[in-house]
Amino acid sequence: MSEPAPGITRFEARRPQTGGAEPPQPCVMVIFGASGDLTRRELVPSLFELALQGLLPDPFAVVGYARRDIGDEGFRSAMRDAVREHGSFDEDTWKRLESCLFYVSGNFDDGPDGAYATLKDRVEEVRTAHGVPDNVFFHLATPPGFFTNIVERLEACGLARSDGGWRRLVVEKPFGSDRASSRALDGHIRAVFDEEQVYRIDHFLGKETVQNMLVFRFANPSFEPIWNRNYVDHVQITVAEDIGIGTRGSFYEETGVVRDMVQNHLLQLLCMVAIEPPGRFDAAALRDETVKVLQAAQLSPFDPEHDAVRGQYGPGTGKKGSVRGYREEENVDPSSPVPTYGALRLTLDNWRWAGVPFYLRTGKRLQRKLTEVSIQFRPTPHLMFPTGRDNPECHLLTFRLQPHEGILQQFVAKEPGPSLTLRPVTMNFGYAEAFGIEEPPRAYAWLLLDVMEGDQRLFARADWIYEAWSIVDRLVGHWEDHQPRDFPNYAAGTWGPAEGDRLLAREGRAWRAV
């Protein structure tokens with residue numbers, strides 16, 4: 001790899017502006033759920049990271065809204081602790097950001113003449129004091145049951161409209177619980193906000209390596225010609241977590257692993273690897289192509305009994321010793337049929353990918369934390385050398401999102417020495433070695449910047465959501481109608497149920513060894 005560029009540190013490397021995008025306009029960010037975990041863990045630390053890089057608009061302000069009555073100073077103190085805990089800290093930068101943080105307490109289902117009227121007055125007060133034009137975006141960092149209430153009250157109190165600026169709405173997942181509920185939710189939102197104002201956020205799409213999947217393929221002529229069924233044997237997409245459900249038992253009992261992970265994260269990764277080349281790198285062209293991928297998946301045959309595996313973790317071993325099974329977790333039914341592991345085989349009914357299987361798997365309490373997309377290329381039709389043909393690891397390209405984001409290319413090389421001895425080797429692209437960056441910036445930082453810039457390229461459009469739910473609904477509906485008989489069927493700390501391995505083994509394949 002090349003030497004790190006001189007002088008570049010984690011916070012000095014700015015994202016290049018593709019497409020001639022202008023810097024963000026001054027604006028106010030309103031965070032609903034400002035005292036919650038997402039705000040502490042991701043949103044404010046991401047704003048701080050943008051401030052460190054000089055990427056926040058000037059002027060800029062944040063107004064937090066939540067039920068806890070903590071006031072401006074309480075909010076600032078809590079966010080200071082959060083930034084210290086979740087990233088690098090710089091006192092001068094924090095003081096500048098802290099002066100832009102404000103807080104209003106109120107219930108999400110309060111009336112438009114109550115706390116929402118107070119919120120509107122506070123936004124106007126902050127805008128005037130800081131010289132911010134009438135540009136406001138709202139981030140719904142709340143349980144999804146409050147989305148409709150908040151949107152309706154924003155309209156009723158007058159905050160959803162602007163005379164001379166813009167309004168934007170950021171919606172966290174899950175966007176509905178099936179196709180019907182997602183359409184109903186979208187109907188409520190679209191009664192107030194146009195599609196061009198809505199940003200359905202999936203933090204996976206803000207990760208540097210996900211975006212590098214597009215750059216790697218479309219900016220380098222070495223790979224695009226072989227990115228098809230003639231050269232690709234299969235694709236594996238893994239999103240594995242080594243943790244359990246923690247305190248999310250009630251949520252998980254209603255959601256399960258497929259709604260929680262497959263409908264958004266895994267299908268987004270599928271689209272990133274399988275899309276056709278967009279005519280332009282803009283929101284309309286890119287999102288048109290991702291929708292076509294899901295439509296192609298729906299055209300292909302899919303049998304939940306044959307092409308999908310579910311599992312639930314039992315007691316086993318974690319990082320710190322013995323851990324309990326899912327049914328022993330807090331707020332979980334002792335006889336719960338909810339899956340914590342899912343694996344499925346999809347094919348795409350289109351010219352590029354006909355006959356190429358895409359294997360997706362995700363789960364809780366697996367052996368290690370790992371998120372990656374691996375493309376297994378076909379071996380050469382004839383190999384003149386004595387070894388190497390039967391080792392699939394020799395023909396692999398992997399995009400790793402976590403841990404240690406990067407790109408791995410595995411190929412066969414001759415081992416130094418007098419004899420012709422071949423063995424697989426790995427060429428590893430990492431951000432530290434290539435760019436002198438300790439770790440890529442937070443995904444949320446780039447996505448929040450995109451919202452401020454009005455760039456929807458990395459946000460799901462409504463029709464994508466509908467298509468994704470159409471795929472997931474078939475599987476979830478079948479599993480709910482046919483209760484599992486063998487749960488729990490894998491021990492915590494393993495790679496899941498044996499049926500997950502057999503999903504690939506029946507076709508002479510195996511999950512990538514990690």
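The values are calculated or read from the model by the stated rules, or taken from the named source; none is laboratory data. Because the structure is predicted, anything quoted here is derived from the model rather than measured. Every residue, glycine among them, receives a Cβ derived from its backbone with ideal geometry; neighbour counts consider all protein chains shown. Ligands, DNA and RNA are excluded from the accessible area calculation, which covers all protein heavy atoms including side chains. Shrake-Rupley method; radii C 1.70, N 1.55, O 1.52, S 1.80 Å.
Among Arg324, Arg287, Arg310, Arg280, which is the only one that is under 18 Å from Trp479 (Cα atoms) and of a type in the set (Lys, Arg)?
Arg310
Could you please give the count of residues in region 403-417 that are open to solvent by less than 40 Å² (accessible area, probe 1.4 Å) and either under 16 Å from Pro379 (Cβ atoms) or in contact (Cβ under 8 Å) with a residue 40 or more places away in the chain (or both)?
6
Quick one: how many residues across region 29-88 are in a helix (DSSP H, G or I) and not hydroxyl-bearing (Ser, Thr, Tyr)? It would help to see each step written out before you state the result.
Initially, region 29-88 is screened for residues in a helix (DSSP H, G or I), giving 37-52, 71-86.
Those still in the list that are not hydroxyl-bearing (Ser, Thr, Tyr) too: 37-38, 40-45, 47-52, 71-76, 78-86.
So the answer is 29.
If I ask for residues that are within 30 Å of Leu449 (Cα to Cα), among the β-branched types (Val, Ile, Thr) and crowded, with 17+ Cβ neighbours inside 10 Å, which ones from region 206-244 would you list?
If the condition is that a residue be within 30 Å of Leu449 (Cα to Cα), among the β-branched types (Val, Ile, Thr) and crowded, with 17+ Cβ neighbours inside 10 Å, then Thr209, Val210, Ile237, Thr238, Val239 are the ones that fit.
Against the definition (aliphatic (A, V, I, L, M), in contact (Cβ under 8 Å) with a residue 40 or more places away in the chain and assigned to a loop (DSSP other than H, G, I, E, B)), how does Leu97 come out, yes or no?
So Leu97 fails the test.
Restricting to region 190-205, and then to whatever is outside any helix (DSSP H, G or I) and under 20 Å from the mean Cα position of the chain (by Cα), can you tell me which residue is surrounded by the most Cβ atoms within 10 Å (Cβ to Cβ)?
At the first step, the residues of region 190-205 found to be outside any helix (DSSP H, G or I) are 191-194, 198-202.
The next check asks that each one be under 20 Å from the mean Cα position of the chain (by Cα); those that pass are 198-202.
Numbers: Val198: 22, Tyr199: 23, Arg200: 21, Ile201: 25, Asp202: 20.
My answer is Ile201.
Rundown of residues vs (1) hydroxyl-bearing (Ser, Thr, Tyr); (2) more than 23 Å from Arg457 (Cβ to Cβ), yes/no style:
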{"residue": "Gly206", "(1), (2)": "no, no"}
{"residue": "Asn228", "(1), (2)": "no, yes"}
{"residue": "Val232", "(1), (2)": "no, yes"}
{"residue": "Ser250", "(1), (2)": "yes, yes"}
{"residue": "Asn264", "(1), (2)": "no, no"}
{"residue": "Leu269", "(1), (2)": "no, no"}
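Of the residues Ala34, Ala78, only one is among the small types (Gly, Ala, Ser), open to solvent by less than 20 Å² (accessible area, probe 1.4 Å) and modelled with pLDDT of 95 or more; which? Quick ask: steps written out before the conclusion?
Working: Ala78 fails: open to solvent by less than 20 Å² (accessible area, probe 1.4 Å).
Result of the check over Ala34, Ala78: Ala34.
Please indicate, with yes or no, whether at least one residue in region 319-333 is acidic (Asp, Glu), surrounded by 15 or more Cβ atoms within 10 Å (Cβ to Cβ) and over 25 Å from the mean Cα position of the chain (by Cα). I'd like the intermediate steps shown before the answer.
Narrowing region 319-333 to residues acidic (Asp, Glu): 328-330, 333.
Applying the additional criterion that residues be surrounded by 15 or more Cβ atoms within 10 Å (Cβ to Cβ) yields 329.
From what's left, over 25 Å from the mean Cα position of the chain (by Cα): 329.
Taking every residue of region 319-333 in turn, at least one turns out to be acidic (Asp, Glu), surrounded by 15 or more Cβ atoms within 10 Å (Cβ to Cβ) and over 25 Å from the mean Cα position of the chain (by Cα).
Could you check region 120-175 and list, in sequence order, the residues that are in a loop (DSSP other than H, G, I, E, B) and aliphatic (A, V, I, L, M)?
Going residue by residue through region 120-175, those that are in a loop (DSSP other than H, G, I, E, B) are 131-135, 141-143, 158-166, 172-175.
Hits for region 120-175 are Val132, Ala141, Leu159, Ala160.
Here is a list: Thr398, Thr421. Which entry is under 19 Å from Leu370 (Cα atoms) and either touching a residue at least 24 places away in the same chain (Cβ under 8 Å) or not acidic (Asp, Glu) (or both)?
Values: Thr421 fails: under 19 Å from Leu370 (Cα atoms).
That would be Thr398, the only listed residue that is under 19 Å from Leu370 (Cα atoms) and either touching a residue at least 24 places away in the same chain (Cβ under 8 Å) or not acidic (Asp, Glu) (or both).
Do we have Val356 as within 23 Å of Asn264 (Cα to Cα) and either under 22 Å from the mean Cα position of the chain (by Cα) or surrounded by 15 or more Cβ atoms within 10 Å (Cβ to Cβ) (or both) here?
On the way: within 23 Å of Asn264 (Cα to Cα): yes; either under 22 Å from the mean Cα position of the chain (by Cα) or surrounded by 15 or more Cβ atoms within 10 Å (Cβ to Cβ) (or both): yes.
When the stated conditions are applied, Val356 passes them.
Would you say Glu253 is over 25 Å from Asn428 (Cβ atoms) and open to solvent by 10 Å² or more (accessible area, probe 1.4 Å)? Before you say what the answer is, go through the steps one by one.
Details: over 25 Å from Asn428 (Cβ atoms): yes; open to solvent by 10 Å² or more (accessible area, probe 1.4 Å): yes.
Yes; evaluated as a whole, the condition is true for this residue.
For region 289-300, check the following and say yes or no: at least one residue is in a loop (DSSP other than H, G, I, E, B) and modelled with pLDDT of 95 or more.
no
Based on what the data block shows, is Ala505 in contact with an Asp or Glu (Cβ under 8 Å, 6 or more places away or on another chain) and over 28 Å from Asp333 (Cα atoms)? Quick ask: steps written out before the conclusion?
Details: in contact with an Asp or Glu (Cβ under 8 Å, 6 or more places away or on another chain): no; over 28 Å from Asp333 (Cα atoms): yes.
No: the conditions fail for Ala505.
Right, Leu397: surrounded by 15 or more Cβ atoms within 10 Å (Cβ to Cβ) and part of a loop (DSSP other than H, G, I, E, B) or not?
On the way: surrounded by 15 or more Cβ atoms within 10 Å (Cβ to Cβ): yes; part of a loop (DSSP other than H, G, I, E, B): no.
No.
For region 375-418, how many residues meet the condition of being at pLDDT 80 or above and of a type in the set (Ser, Thr, Tyr)?
Here the count works out to 1.
Can you pull out every residue in region 214-248 that is closer than 30 Å to Gly311 by Cα and among the hydrophobic types (A, V, I, L, M, F, W, C)? Explain how you work it out, then say what you get.
To start, the set of residues in region 214-248 that are closer than 30 Å to Gly311 by Cα comprises 232-248.
The answer is Val232, Val235, Ile237, Val239, Ala240, Ile243, Ile245.
Which members of region 422-472 meet the condition of being open to solvent by less than 40 Å² (accessible area, probe 1.4 Å), assigned to a helix (DSSP H, G or I) and modelled with pLDDT under 85?
Tyr431, Ala434, listed by residue number.
So, in region 157-180, how many residues would count as being open to solvent by 40 Å² or more (accessible area, probe 1.4 Å) and over 24 Å from Gly454 (Cβ atoms)?
Looking only at region 157-180, we keep the residues that are open to solvent by 40 Å² or more (accessible area, probe 1.4 Å), and these are 161, 163-164, 173, 177-180.
Filter again for over 24 Å from Gly454 (Cβ atoms), leaving 177-180.
The total comes to 4.
Which of the residues that make up region 362-382 are open to solvent by 10 Å² or more (accessible area, probe 1.4 Å), within 18 Å of Leu269 (Cβ to Cβ) and outside any loop (DSSP other than H, G, I, E, B)?
Gln376, the sole residue that qualifies.
Looking only at region 305-315, which residues are open to solvent by 20 Å² or more (accessible area, probe 1.4 Å) and either touching a strand residue (DSSP E or B) at 6+ places or on another chain (Cβ under 6 Å) or within 24 Å of Arg365 (Cβ to Cβ) (or both)? If you could, list the steps in order and put the result at the bottom.
Of all residues in region 305-315, those open to solvent by 20 Å² or more (accessible area, probe 1.4 Å) come to 305-306, 310, 315.
Result: Arg310, Pro315.
Please work out if Glu91 is surrounded by fewer than 20 Cβ atoms within 10 Å (Cβ to Cβ), of a type outside the set (A, V, I, L, M) and modelled with pLDDT under 95. Outline the logic, then answer.
Working: surrounded by fewer than 20 Cβ atoms within 10 Å (Cβ to Cβ): yes; of a type outside the set (A, V, I, L, M): yes; modelled with pLDDT under 95: yes.
Here the answer is yes, as Glu91 does meet what is asked.
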